[in-house]
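The values are calculated or read from the model by the stated rules, or taken from the named source; none is laboratory data. Given the structure is predicted, the values throughout are model-derived calculations rather than measurements. Every residue, glycine among them, receives a Cβ derived from its backbone with ideal geometry; neighbour counts consider all protein chains shown.
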Amino acid sequence: MYKYMKKRGDNKKAQVTIFVILAILIITGVVVYFLIKSPFQREVPKEFKPVYDYYLTCLEETTKQGALLLGSQAGYIEKPAFVPGSQYMPFSSQLDFLGQGVPYWIYVSGNNILKEQVPRKSEMETQLENYIQERVNDCDFSEFIQKGYDTTISEEPKVDVTIKDLKVDVSIKNSIGFYFENDSAVLNQETFSIDSKLGKFYSLALDVYNYEKTNVFLEKYALDVMRLYAPVDGSDIGCKPKIFIDEQIKQNLSLALAENIAALKLDGSYYTLTDAEKKYFVTDIGQVVDENVNFLYTTDMPTRIDIYGDKVVQPVGLQEGMGILGFCYTPYHLIYDINFPVLIQFYDGNELFQFPMAVIIERNKERQGFDGEAGIEIGADVCRYKNQKVSIYTFDSELNPLEASLKFKCLNTECVLGDSKLNEANEAVFEGLVPQCVNGFIIANAEGYADSKYQISTNEENSANVVLSKIYSLPLDLGSEISNAVVTFDSEDYSTTVAYPDTKNVELIEGYYNISVYAYTNSSLRLPATSQRKCVDVPKSSIMGMFGATQEKCFNVDIPAQTIDYALSGGGKTSDYITENQLRTGKKMNIQVQLFNSPMSLEKLQQNYLELEDAVIYLEII
């Protein structure tokens, strides 16, 4: 009897427990239902649906704009601080591409230091959050206000962004109220997603970047181009001196680099090879790439090509005692430093992610790959041996003392010295140690002044006076008929290029300039695809090749169809000396530019370029 009564008591307790659990589940369900259905949380009343849909669309468009900006600026909305290049190294911290500064992911600073500035995905998300947050209140409700609606938005929304491979998720916590006559609704959070390949493109870009950083595949292609299109090592059979012209070699190399870099591909499914030989241009980064990739270098990008070696080579075989050879030959050996950028683009429809990298060849060798943090000095050991004391005084053009930052260049290496400082005698002076060097250079720079070079042999001299020229900015006017132009001012000590009208001021120092203007107009000229087979004579690989025997080698050159968006429509050249007084007192620089007929065909476009060679421009500072 006792046992039976105990079991019945246990059943009652179990029943009570079940009822409690059911009650909790019912209450929770009711709460969740009303939270979901509550107009103050998610559900928008019908009368407010149009204005809310517009608000959500506005936020989505803002997000898309921010994502596009991240893609076009290498993962940045707010770009890192701009760091200029130098006369020695052409790279600044940003590549000017079609008037837009795109931060390098790896570049060489003006003082010859290899640097990285690769954004993390979390940094991209933070920048996109800030971009959206700053524009939440910019949506224009005027159309709805005219219909009797009213809205209020909290001034400090909190935005959270997550960048995924194929979409961007956004959550905005703020208070937005909708009012119409006697009805109102308040929402506290908006959550939405936009379709975007930003995350996928960034991930692919990071894979390419890391592969290039450690394997330097771009440098290896550039070395192949150098050896194919420029004289490096070899000998010519003949008794005439061999003459190398720097500018011709540089032009050939730049054009060859532009054509070959454009042919590069990543192992993937976004193309079809029409020729087995083109596998040479395909790089395997460890995965099959299924998105469009473009490698871009153009000859107007900042490029440094320095050539070392004898430019006039005398033949061997004419000298006394060499008659046993029975022939003459001319051996040559040239050494190259080549630095240029490559812009890598992932794209699909209107979406784009692009980032530039600096390609670095020093003394016919690619830079060394590295895995760790950047900040690697790629110069020689000269800077370690500062053992000669010097005094360096710095002045402006009127010989007033001017504090400046100083570097010392010996051969191909630059060392940072420090700054000249004002002393008690009101002299801007640096006193310290530099390496011993014959015909070295002191390089001085100060804000608002052009870099100045002073040649010095520190094994004999112990003082230097360096004068810096002030940079003046003048408004530039090319006339109302010029819509787009590139204006170049080139002098021995200072050069600058202006993309007009995006940049409407030109910065100059006193000096004698060669000035050129290339004016462009919108164009829809389309160049058809072409394929040419070219053949060249190359030395035979056998011993007969030493004696001038050659064999014919042929290859195909395929040029895809292209559309010319901007065509040359005017321009010209002139030379002029611009004084500091003109720059100091001038209010504006006017340039009269000769205009040509708008090119309607490729032949006319070529004719415009021929006319440009003889066209003269006229410059006036008022």
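Considering (1) surrounded by 14 or more Cβ atoms within 10 Å (Cβ to Cβ); (2) over 22 Å from Thr283 (Cα atoms), say which one Lys200 fails and leave the rest. Of (1) surrounded by 14 or more Cβ atoms within 10 Å (Cβ to Cβ); (2) over 22 Å from Thr283 (Cα atoms), only one is false for Lys200: (2). Condition test on Leu417, is it buried (at least 16 other Cβ atoms within 10 Å of the Cβ), in the same structural domain as Ala404 (by TED's automatic domain parsing) and in a strand (DSSP E or B)? The answer is yes for Leu417.
Look at region 415-435: where a residue is over 14 Å from Ser463 (Cβ atoms) and at pLDDT 90 or above and a partner is in a loop (DSSP other than H, G, I, E, B) and not aliphatic (A, V, I, L, M), sitting 6+ places away or on another chain with Cβ atoms under 7 Å, you get Asp419/Glu403; Lys421/Glu403; Leu422/Glu403.
What do you reckon, is Asp140 in a loop (DSSP other than H, G, I, E, B) and over 19 Å from Gly71 (Cβ atoms)? For Asp140, the condition - in a loop (DSSP other than H, G, I, E, B) and over 19 Å from Gly71 (Cβ atoms) - is met.
Only one of the numbered conditions (1) part of a strand (DSSP E or B); (2) modelled with pLDDT of 70 or more is not met by Asp565, and that is (2). On inspection, Val466 fails the criterion of being in contact with a strand residue (DSSP E or B) (Cβ under 8 Å, 6 or more places away or on another chain), crowded, with 19+ Cβ neighbours inside 10 Å and farther than 23 Å from Gly440 by Cβ. A search for C-beta distances below 8 Å between a residue of region 285-310 that is free of Cβ contacts under 8 Å to residues at least 24 places away in the same chain and any residue that is loosely packed, with under 14 Cβ neighbours inside 10 Å and of a type outside the set (A, V, I, L, M), counting only pairs 6+ apart in sequence or on different chains, returns Val288/Asp267; Val288/Ser269; Asp290/Ser269. Regarding Glu552, is this residue surrounded by fewer than 19 Cβ atoms within 10 Å (Cβ to Cβ), in contact with a strand residue (DSSP E or B) (Cβ under 8 Å, 6 or more places away or on another chain), at pLDDT 90 or above and of a type in the set (D, E, K, R)? No, not satisfied.
Would you be able to say whether some residue in region 601-622 is touching a helix residue (DSSP H, G or I) at 6+ places or on another chain (Cβ under 8 Å) and at pLDDT below 75?
So in region 601-622, the residues touching a helix residue (DSSP H, G or I) at 6+ places or on another chain (Cβ under 8 Å) come out as 621.
Still in the running and at pLDDT below 75: none.
No, region 601-622 has no match at all.
Applying the criterion of being among the acidic types (Asp, Glu) and either closer than 24 Å to Glu580 by Cα or outside the structural domain of Cys410 (by TED's automatic domain parsing) (or both) to the residues of region 424-478, the residue that is farthest from the chain's Cα centre (by Cα) is Glu427.
Return the residue satisfying two criteria in turn: it lies in region 497-512 and is of a type in the set (A, V, I, L, M, F, W, C) and assigned to a strand (DSSP E or B), and of such residues it is nearest to Leu474 (Cα to Cα). Applying the filter and picking the extreme gives Val506.
Residues Gly9, Gly66: which one is in a helix (DSSP H, G or I), over 28 Å from Thr413 (Cα atoms) and at pLDDT 90 or above?
Details: Gly9 fails: at pLDDT 90 or above.
From the options Gly9, Gly66, the qualifying one is Gly66.
So how many residues does region 420-430 have that are under 24 Å from Tyr385 (Cβ atoms), in contact with an Asp or Glu (Cβ under 9 Å, 6 or more places away or on another chain) and not in a loop (DSSP other than H, G, I, E, B)? Result for region 420-430: 1.
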